[in-house]
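Have a look at the structure below, then the notes.
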Amino acid sequence: MPLLGISQNVQNNYLPDYYSSVVVNHLALVNPAWINTNDTKASFNVLYKSRVGLLNDVSTQTAYADVTFKPDLHIRQVARVIFQNEKEGPYIASPKFYGNYSIRIPITEDISISAGLGLGVSAHDFSAPSGTGHGSVPDGNGGLILKYKKLEFGAAAYQFFNNKLVVLNSYLILKRYNLYYIQAEKELSPFLILKGNLFWRQQPLSDIVNSTVMLSYNEFFTMGIMYQYLRGTSFLTTFQFNKIKNPIVLNLSYNSTFLNTRIIKSQSFEIGLQYKINR
């Protein structure tokens, strides 16, 4: 069964893992309605998260790609595919695959609203010398984002079918949970941008609440710190290369146990790579 605090399995409720680095460059994994506001026509993304210490056999891998339709028009539409897998040792895996559609409509010059829907399949595999098992069920998510100038608010519901997934003689319920975030940025100079993000994952047992502050220099280098309430502190870094033509973005994160007051303490590292195709 999934480990508590990784893929949380409490009273047979399954809740997937998450990346701290999503607030920097991967908000598409926080809200299916998220759409890039720059000149990006398509992007290809991979992320990897690995634990250290007692949980070093636990990892999370994600790959997703999106394409923007008619990016020259005010109404932007995005099609996205997402694959994610959580490995817990050599015997347990939780792969997922989703197709996602989102649309952004301007209300005024400064205000826009976005809506998104994702549908797919969530599975759970058990493979060991003593036996094997596989179970899969339909899964889905939906979200809304309201943006006013440099201020952005998003709300999304994940695993909204509340489906029961049966593996061997046991079962897991993909329990519905909600994600909310507020993000804002302030230009300090022509080269420096200050960004802030509040993230709330409302879920059974114990909510996840994070606050992040980031400083970006000339869109090339971003560094930030995230406090995960009761869970520890994360240190985030981003580098962007070739930003004018087709940018390549590298994300690095270290999730430490500093200020962690929970019984289970785990450190982890994250790496992400993004390739953008601009107009």
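Within segment 241-257, does at least one residue satisfy the condition of being over 24 Å from Y64 (Cα atoms) and either part of a loop (DSSP other than H, G, I, E, B) or of a type outside the set (F, W, Y) (or both)? Yes - at least one qualifying residue is present in segment 241-257.
Of all residues in segment 75-94, those being crowded, with 20+ Cβ neighbours inside 10 Å and closer than 30 Å to N38 by Cα number 5.
Scanning segment 139-166 for residues that are touching an Asp or Glu at 6+ places or on another chain (Cβ under 7 Å), surrounded by fewer than 18 Cβ atoms within 10 Å (Cβ to Cβ) and either hydrophobic (A, V, I, L, M, F, W, C) or at pLDDT below 95 (or both) yields K149, K150, F161.
I'd like to check something: does segment 170-185 contain any residue that is closer than 27 Å to V209 by Cβ, crowded, with 16+ Cβ neighbours inside 10 Å, of a type in the set (V, I, T) and touching a residue at least 24 places away in the same chain (Cβ under 8 Å)? So far as segment 170-185 goes, yes, one or more of its residues are closer than 27 Å to V209 by Cβ, crowded, with 16+ Cβ neighbours inside 10 Å, of a type in the set (V, I, T) and touching a residue at least 24 places away in the same chain (Cβ under 8 Å). Residue pairs whose Cβ atoms lie under 6 Å apart, sitting 6 or more positions apart in sequence or on different chains, and linking a residue in segment 195-212 that is over 11 Å from L15 (Cβ atoms) and in contact (Cβ under 8 Å) with a residue 12 or more places away in the chain to a partner that is hydroxyl-bearing (S, T, Y) and part of a strand (DSSP E or B), are N197/T212; L198/S211; F199/Y181; W200/Y180; S211/Y227. Residues that are in contact with a Pro (Cβ under 8 Å, 6 or more places away or on another chain) and surrounded by fewer than 20 Cβ atoms within 10 Å (Cβ to Cβ) do not occur anywhere in segment 20-36.
Identify all residues within segment 37-51 that are buried (at least 20 other Cβ atoms within 10 Å of the Cβ), at pLDDT 95 or above and of a type in the set (V, I, T); write none if there are none. Correct list: empty.
The values are calculated or read from the model by the stated rules, or taken from the named source; none is laboratory data. This structure is a prediction, so every number in the text was calculated from the model and none was measured. Cβ sites come from the backbone with ideal geometry, for glycine too, and all protein chains shown count toward neighbours.
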